[in-house]
Amino acid sequence: MAADAQTFFGWLRGYGATPRVLVAIAHPDDETAGTGAVLARLPDVRLVCATDGAPFDRALWGDPTPATREDYAALRRRELRCALAMARLGWDCVEQWDIPDQDASSDLADLALRMRDALASDLPEVVLAPAYEGGHPDHDAVSFAVHAACALMARDGDPYPGIVEFPLYHAVDGRVVAGAFAPGHGGEEVTLTLSEREVANKERMMACHASQRDTLALLPRDVERFRLSPGHDFTRPPRPGKLNYELWGWMTGDEWRARAAKAITELGLASLDLPRDKGSAQSAKPDLVLSMPRIYSPPPGLDLRPAPPGGEAAA
């Protein structure tokens, strides 16, 4: 039986008990970009970070000065500690895995099993996870892992959390859409409008992630958006057209979806569909202030054009 994810939205509106929440992210800085204000509001929260934030390709590092990939991973860890401190959270709430940035989808079955163990250990009522949107292969990998983990728990008759999604970024017609859900998935979106104090604190959290300043410049500071998961077929594209990570030349959507199909088979799951008896996407009520999605053109230094043959993708 799923926990009722509506408790999360009730808590955001100021009524009901504070839910037990686990936030699942791909990289240090995703927690700030998608859920910074919510983290600061929660008195007790768990954070699972799937990667160490350090790709093998130095061209993708936000800070080129560390001598080694391990040094860059340590820098990303320090940035995460700083951001969590701004939200009055300590490192004891964090479970960080040792997967390199860009590699979270390399073994999606193992990622799902790790996520299942984390959820079974913490027993949250709600798990916050990135939306499946084609922005970064690692974001989509964590989305897959959360849904697959809950499907495994449901199959085995174990309690599993309600899944609430948050957007990070995706591409539409060669432009970055940041902090807004891609259209076409159904389900109502709830937008949390931050107070002036929360905006200032989120900006301090973003400043902690100095190596990611160009990416974080795309994200809104004054709102955070959430929705109950509408469910996803991870063997199909999340949206029409070229995905953001295809534009960067990181990997193809066909390659990512082949990995997802392989993992579903390895996990013995017919699909990742979950029972909709509680917390269904159709029952979400957007009582909070709603805002129009913001579409951002890339700032100076960011280029969404595909890398030329033999060249390096921008980072």
> Tell me, which residue of region 153-168 that is out of contact with any Phe, Trp or Tyr (no Cβ under 9 Å at 6 or more places or on another chain) and open to solvent by less than 20 Å² (accessible area, probe 1.4 Å) is nearest to ARG227 (Cα to Cα)?
Replying inline: ILE163
> Could you list, in sequence order, the residues of region 155-168 that are assigned to a helix (DSSP H, G or I) and closer than 17 Å to ASP233 by Cα?
Replying inline: none
>> Out of the residues in region 172-199 meeting the condition of being in contact with a strand residue (DSSP E or B) (Cβ under 7 Å, 6 or more places away or on another chain) and among the small types (Gly, Ala, Ser), tell me which one is farthest from ASP29 (Cα to Cα).
In response: GLY187
> Does LEU272 satisfy the condition of being in contact with a helix residue (DSSP H, G or I) (Cβ under 6 Å, 6 or more places away or on another chain), assigned to a loop (DSSP other than H, G, I, E, B), modelled with pLDDT under 95 and crowded, with 20+ Cβ neighbours inside 10 Å?
Replying inline: yes
> Hey, among the residues in region 121-133 that are buried (at least 21 other Cβ atoms within 10 Å of the Cβ) and among the small types (Gly, Ala, Ser), which one's nearest to LEU22 (Cα to Cα)?
Replying inline: ALA129
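Considering only region 159-172, I want to know if a residue exists there that is more than 19 Å from the chain's Cα centre (by Cα) and farther than 27 Å from TRP248 by Cβ. Don't jump to the end; show me each part of the working.
Step one: of region 159-172, the residues more than 19 Å from the chain's Cα centre (by Cα) are 159.
From what's left, farther than 27 Å from TRP248 by Cβ: 159.
Taking every residue of region 159-172 in turn, at least one turns out to be more than 19 Å from the chain's Cα centre (by Cα) and farther than 27 Å from TRP248 by Cβ.
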> modelled with pLDDT of 95 or more, closer than 25 Å to ALA180 by Cβ and either open to solvent by 30 Å² or more (accessible area, probe 1.4 Å) or more than 16 Å from the chain's Cα centre (by Cα) (or both), is that true of THR265?
Replying inline: no
>> Within region 1-120, considering only strands (runs of 3 or more DSSP E) that don't extend past its boundaries, which have at least 1 residues that are crowded, with 24+ Cβ neighbours inside 10 Å and modelled with pLDDT of 95 or more?
In response: 21-25, 45-51
> Quick one: is GLU133 touching a strand residue (DSSP E or B) at 6+ places or on another chain (Cβ under 6 Å) and more than 17 Å from VAL48 (Cα to Cα)?
Replying inline: yes
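The values are calculated or read from the model by the stated rules, or taken from the named source; none is laboratory data. What you see is a predicted model; the values in this text were computed from it and never measured. We place every Cβ from the backbone using ideal geometry, glycine too, and count neighbours over all the protein chains shown. Ligands, DNA and RNA are excluded from the accessible area calculation, which covers all protein heavy atoms including side chains. Shrake-Rupley method; radii C 1.70, N 1.55, O 1.52, S 1.80 Å.
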